[in-house]
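Just below is one structure, and these are the notes that go with it.
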Amino acid sequence: MSDEANSAVLIKTFSHRLHGFSRIVFKKFVQISETCTELCRSIRGKELLWNILLLAVAASTLLITKQVRAQTGIEMQSTAVYQFGEQITFVAQIQSPVQIQQANIVIFDEAQAVTHVQAVEFINGRSEYRFDVRQNLVRPFATIRWYYELTLSDGSVLQSDSYSMRYDDNRFTWQKLESGSLRVMWVQGDAAFGQTALNAAQSGLQNISNLVSVDLAQPVDIFIYPTQNDLAALGVETWAAGHANPALGAVLVVVEPGASQSLSMEQRIPHELMHVMLYRQIGAGYSQLPAWLNEGIATLAEINPNADYDRVLLDASNRNALIPVVDLCASFPADSAQAFLAYAEARSFTTYLRDTYGAPALLTLARTYTEGVDCENGAQRALGTPLSQLELTWRENSLGQNMWGVAFRNMLPYLVLLGLVIFIPLILGLNATRQKVDKHGPEKYTDKR
């Protein structure tokens with residue numbers, strides 16, 4: 001028998017004896033505790049009894065824990081390489097030979113809290129498994145964790161250590177610049193380009209601090225893509241110039257190097273950073289936020305907001321073509337022009353709420369929505385006024401709309417229809433009466449004196 005086999009037998013024998021010893025120790029402590037129960041009833045019996053029981057459990061747990069570690073330990077090395085958007089290849093190599101009856105790889109996607117369990121095969125202690133991310137969606141920049149479960153020929157189950165990797169977009173060679181918890185990555189442009197982006201992020205955080213607390217306990221990664229198509233390949237809307245994965249601390253923006261790069265950075269980077277900071281303030285309930293509030297607060301962080309916001313908003317107001325705020329609760333329109341109008345409305349409406357109720361009220365409103373309150377009543381609970389009423393006062397005060405006039409214009413088609421329903425039968429009836437009189441002529445009266 002080889003040295004490895006002798007060692008395996010010795011370890012297995014020792015673990016069984018250790019397990020038996022731990023059971024004997026536990027039984028002895030139980031017997032002692034039962035004996036002490038009678039002795040300790042008179043004075044401080046309960047306190048002494050609990051101390052003895054705690055000592056028994058602690059000793060037994062310590063021994064059992066050592067036994068479990070001895071049984072589940074396995075020497076293995078594992079790595080993962082991936083082709084972004086295609087597949088992740090997990091490779092494992094067992095250092096010491098074992099007889100494996102069955103093996104599984106357990107893959108956990110932290111971003112989506114999804115676990116995948118797949119059978120794998122070890123040949124000469126090596127396993128290679130290809131995970132198709134086209135069929136099993138993995139979010140960009142998500143952390144992937146995995147480990148192996150091995151069932152041996154004797155029926156015992158071993159578990160490997162846990163491994164992890166971040167599923168970064170490796171289609172590009174990224175340049176990198178760091179300052180504290182902020183990390184800027186870009187593809188095209190020189191070092192000055194990266195510094196300009198970092199400056200925009202730092203200035204954006206100052207704006208954000210006027211609305212919510214800035215939390216940089218965890219890093220924030222800012223990825224700057226050179227073209228719209230590069231960002232859209234990640235599943236982002238084709239018209240979007242930015243996107244944030246708040247839970248992952250990842251900000252994605254499109255900025256092309258050139259004369260307008262600074263302006264674009266000062267709009268897009270602070271906007272997406274606000275999504276991350278807002279998430280860190282309110283937690284998992286972030287997904288419950290109305291779209292108009294989430295995006296509206298983000299636009300308030302922009303250093304140089306898009307000048308077309310006001311133009312588009314005024315034009316839509318004059319044409320009575322504004323999107324009702326309640327229609328912007330679930331999501332924004334897919335059409336690019338309507339989506340831009342939605343952003344303009346969200347910015348103006350959120351600005352009105354901030355100026356009327358104060359900046360802290362926006363965070364209060366956001367936290368109220370995290371409780372699952374519907375869009376109309378969330379405003380009522382947090383601000384004391386229903387959303388529909390807030391929209392009316394916003395239109396009057398910020399856009400100068402005469403709401404009675406707007407209401408009349410909105411009702412005009414229905415009023416015309418009502419008039420037709422009422423007056424057409426009346427006219428027809430009068431006309432029929434007139435025709436009847438004309439047909440029979442005037443009545444003749446005889447004077448019978």
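The values are calculated or read from the model by the stated rules, or taken from the named source; none is laboratory data. Nothing here was measured: the structure is a model prediction, and the numbers come from that model. Don't worry about glycine lacking a Cβ; one is built from the backbone with ideal geometry, like all the others, and counts go over all protein chains shown.
Going through (1) acidic (Asp, Glu); (2) in a helix (DSSP H, G or I); (3) not assigned by TED's automatic domain parsing to the domain that holds Gln202 one by one, Glu302 falls short only on (2). Only a single criterion out of (1) at pLDDT 95 or above; (2) surrounded by 12 or more Cβ atoms within 10 Å (Cβ to Cβ) is not satisfied by Lys66, namely (1). Could you tell me which residue of region 142-162 is modelled with the highest pLDDT, considering only residues that are in a loop (DSSP other than H, G, I, E, B) and charged (D, E, K, R)? Filtering region 142-162 for residues that are in a loop (DSSP other than H, G, I, E, B) and charged (D, E, K, R), the one modelled with the highest pLDDT comes out as Asp161. Residues considered: Gly249, Gly242, Gly258, Gly235. Of these, the only one that is within 18 Å of the chain's Cα centre (by Cα), surrounded by fewer than 17 Cβ atoms within 10 Å (Cβ to Cβ) and free of Cβ contacts under 8 Å to residues at least 60 places away in the same chain is Gly235. Selection over region 80-103 of residues that are more than 14 Å from Gly125 (Cα to Cα) and touching a residue at least 60 places away in the same chain (Cβ under 8 Å) gives a count of 5.
The residues of region 352-391 that are surrounded by fewer than 16 Cβ atoms within 10 Å (Cβ to Cβ) and within 27 Å of Asp315 (Cβ to Cβ), listed by number, are Asp355, Thr356, Ser388, Gln389.
You will find that of Thr356, Thr393, Thr385, Thr350, the residue that is assigned to a helix (DSSP H, G or I) and either modelled with pLDDT under 95 or in contact with a helix residue (DSSP H, G or I) (Cβ under 7 Å, 6 or more places away or on another chain) (or both) is Thr350 and no other. The selection criterion, being under 24 Å from Pro360 (Cα atoms) and either of a type in the set (S, T, N, Q) or not assigned by TED's automatic domain parsing to the domain that holds Ala233 (or both), does not hold for Asn199.
Screening Ile269 against (1) more than 23 Å from Ala111 (Cα to Cα); (2) of a type outside the set (D, E, K, R); (3) crowded, with 16+ Cβ neighbours inside 10 Å leaves a single unmet condition, (1). At least 2 residues being at pLDDT 95 or above and small (Gly, Ala, Ser) is the threshold, and among the strands (runs of 3 or more DSSP E) wholly inside region 196-282 those reaching it are 242-245.
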